């Protein structure tokens, strides 16, 4: 049997901060929210579909949807509604991508009890944030394994070659 609790606002702040535009661009994901698009809600019409984009202006709206999904899980599990109005605040510390990935897993565990979790907008954000954090892990961009063949080199091979080159200089 699983348990669920409402994560601390700082947890939400960190998950939102981790997704704000940076060197890997802006995170956006599909939504069926039919509100009028504004900078503060991050909604954008793209052709026949709609996405929500995380920008500084939409950080509170994205944090609210994360909080609401987490609260839905707690409500499903315990029938306790502890939801509140979320207001994004810059987190007190900066975390490494691996720490963000662990925080994403913790958030998922606390939010997965609601029956619609896997199709929720919060899940779509969770998924896209996870991808961006994986790409930020040291060595990811250096890996030459997009397609692996019998001759594909490894990072270990590359590091050994670089070490030999430094020793011979």
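We did not get these values from a lab; they are worked out from the coordinates using the rules stated. Here the structure is a predicted model, which means the values were calculated and not measured. Note that we place each Cβ from the backbone using ideal geometry, even for glycine, and neighbour counts take in every protein chain shown.
A compact table of results
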{"item": "Reference-scaled alpha-carbon Rg (2.2 N^0.38 Å with N residues) for segment 50-128", "result": "1.11"}
{"item": "Cα-based helix-to-principal-axis angle, 9-19 vs the chain, degrees rounded to 10", "result": "50 degrees"}
{"item": "Unit Cα scatterers, Debye sum, the chain: log10 I(q)/I(0) for q = 0.08, 0.14 Å⁻¹", "result": "-0.32, -0.78"}
{"item": "Helix-derived mean residue ellipticity, 222 nm - over the chain, DSSP H n ≥ 4, -39500 (n - 2.57), to 500", "result": "-14500 deg cm²/dmol"}
{"item": "Sites residue 130 and residue 83 - FRET efficiency at Förster radius 25 Å, r taken between beta-carbons, to 0.05", "result": "0.55"}
{"item": "Prolate/oblate/rounded label for segment 1-84 (Cα gyration tensor, a/c 1.5)", "result": "prolate"}
{"item": "Alpha carbon convex hull of segment 96-161, volume per residue in cubic angstrom", "result": "113 Å³"}
{"item": "Between helix 155-167 and the chain: long-axis angle, C-alpha atoms, 0 to 90°, nearest 10", "result": "40 degrees"}
{"item": "On Cα atoms only, tilt of 97-111 relative to the major axis of the chain in degrees", "result": "30 degrees"}
